[in-house]
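The values are calculated or read from the model by the stated rules, or taken from the named source; none is laboratory data. As the structure is a computational prediction, the values presented were derived from the model and not from experiment. Please note: Cβ atoms are built from the backbone with ideal geometry, for glycine as well, and neighbour counts cover all protein chains shown. The area values use the complete protein model at the heavy-atom level, side chains included, leaving out ligands, DNA and RNA. Shrake-Rupley method; radii C 1.70, N 1.55, O 1.52, S 1.80 Å.
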Amino acid sequence: MAEFTLELNDDQKQVRDWLHGFAAEVIRPAASEWDEREETPWPVIQEAAKVGIYSLDFYAQQFFDPTGLGIPMAMEELFWGDAGIALSIVGTGLAAVGVLANGTEEQIGTWIPQMYGDADDVKVAAFCSSEPDAGSDVASMRTRAVYDEAKDEWVLNGTKTWATNGGIANVHVVVAVVDPELGSKGHASFIVPPATPGLSQGQKFKKHGIRASHTAEVVLEDVRIPGHCLLGGKEKLDERLARARERVKSGGERSEVGVPPAGGWGRVKNAAMATFEASRPAVGAMAVGTARAAYEVALDYARTRTQFGRPIIDNQGIAFQLADMRTQIDAARLLVWRASWMASAGKPFTAAEGSMSKLYASETAKTVTAQAVQILGGNGFTREYPVERMHRDAAIYTIFEGTSEIQRLVIARTLSGMPIR
């Protein structure tokens, strides 16, 4: 187990500086254009693939960093560049985490490489969980997966929404209901291979922020997939469902899906929650990156903008805002690093530390970007300065992968010992 430290080692610093350079030289110059176009920035993703950032190897190296800081460090630097483009670069990672959290070793080795493609033929993947009537309430999911034993195939029907890369992905990871009577415990995850008949893109959403990231509905109409595309395999699914039915029959409590087991997050019982809990500190790191970017713009502006014969940073009202912004950013990063280290070290989130990190960092991003707009005044309200875009982008962090309200619910129920349903 790596000791917890606030000091990056030399290798981590080298990776951080490399990522920062890519964000500054490639992502930032393209940010405004792709925000206006509201399209997937394929040329930027391809550049990321050419230098090795958009690749399975890179994310595997960061994921298996023994300190746990590889992923949050990478997320912060890329999202410092631009949230929309960065999400297009890292969005495939959510689907990959879904396979890592629920799949067999063979499935991991088979499907994750196909999610990325290569530098000459870039691919993306999509994780499909939310539905029009089932966002935070995953137990209300309606997409069904029915097993056709005669053909050893699963048949999927339903509509997913808010799917990053939905419809344009090479590989879709879909969470579906296999036993409606078991609520969230009757869910399973499935791989939908490339070009599978019956899967189509529904509505593409025109969003307030992160416009360079493709977000759409995914429609599943009699989608037939081979039996081996059930993540984890049917034998393990049958065993898990049998245990869940026995608990329901005996009147036992439903398991607490918001609290990781003693060994940390891994193959937990609920397919969607396993993915989200593994990724929440990473989302917190994204928020830290956006907040830091807005703070740096505001700080530079306050140092150079002169009013009444002096830089506006000399005014206490501005200086105190900047002091609060920096303090909040550093505090958010510390929460993210703590949760990431705990997960890597296999330490249980006994106080919902993963949700804490996502909650505080996402709220910080909203606050800091709003303050940055205020410090820039009228200029901050225009698209000539990036804080306007950063403020729009920051709004998503308190919404996706568990709203701030859901994070507070998870934290509160964890502290009280109540089950998280």
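Overview of results
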item	result
Test: residue in the range 345-362 that is at positive phi and part of a loop (DSSP other than H, G, I, E, B)	yes
Of all residues in the range 322-363 being open to solvent by 30 Å² or more (accessible area, probe 1.4 Å) and among the β-branched types (Val, Ile, Thr), the one that is nearest to ALA74 (Cα to Cα)	THR327
Selection within the range 60-76 - assigned to a helix (DSSP H, G or I) and either in contact with a Ser or Thr (Cβ under 8 Å, 6 or more places away or on another chain) or open to solvent by 30 Å² or more (accessible area, probe 1.4 Å) (or both)	ALA60, GLN61, PHE63, ILE71, PRO72
Hey, GLN201 open to solvent by 60 Å² or more (accessible area, probe 1.4 Å), closer than 25 Å to SER55 by Cβ, in contact with a strand residue (DSSP E or B) (Cβ under 7 Å, 6 or more places away or on another chain) and not in a loop (DSSP other than H, G, I, E, B) or not	no
SER189 open to solvent by less than 10 Å² (accessible area, probe 1.4 Å), assigned to a strand (DSSP E or B), in contact with a helix residue (DSSP H, G or I) (Cβ under 7 Å, 6 or more places away or on another chain) and among the polar types (S, T, N, Q)	yes
Filter result for PHE79 (among the aromatic types (Phe, Trp, Tyr) and open to solvent by less than 10 Å² (accessible area, probe 1.4 Å))	yes
Answer from ILE399, ILE411, ILE406, ILE375 - the residue that is of a type in the set (A, V, I, L, M, F, W, C), open to solvent by 40 Å² or more (accessible area, probe 1.4 Å) and in contact (Cβ under 8 Å) with a residue 60 or more places away in the chain	ILE406
Residue under evaluation ALA169, criteria (1) modelled with pLDDT of 95 or more; (2) open to solvent by 20 Å² or more (accessible area, probe 1.4 Å); (3) touching a helix residue (DSSP H, G or I) at 6+ places or on another chain (Cβ under 9 Å), criterion not met	(2)
Whichever residue in the range 141-161 is among the polar types (S, T, N, Q) and open to solvent by less than 40 Å² (accessible area, probe 1.4 Å) and, among such residues, is nearest to VAL218 (Cα to Cα)	THR161
Count of residues meeting criterion [in a loop (DSSP other than H, G, I, E, B), over 27 Å from ALA163 (Cβ atoms) and open to solvent by less than 90 Å² (accessible area, probe 1.4 Å)] in the range 5-59	3
Residue list for the range 206-236, restricted to those being in a loop (DSSP other than H, G, I, E, B) and open to solvent by 30 Å² or more (accessible area, probe 1.4 Å)	LYS206, LYS207, HIS208, ARG211
Within the range 96-111, considering residues that are assigned to a helix (DSSP H, G or I) and either out of contact with any strand residue (DSSP E or B) (no Cβ under 9 Å at 6 or more places or on another chain) or modelled with pLDDT of 95 or more (or both), the one surrounded by the fewest Cβ atoms within 10 Å (Cβ to Cβ)	GLU105
Tabulated pairs, the range 48-63, first among the aromatic types (Phe, Trp, Tyr), second outside any helix (DSSP H, G or I) and open to solvent by less than 30 Å² (accessible area, probe 1.4 Å), C-beta under 6 angstrom, 6+ apart or interchain	PHE58/GLY52
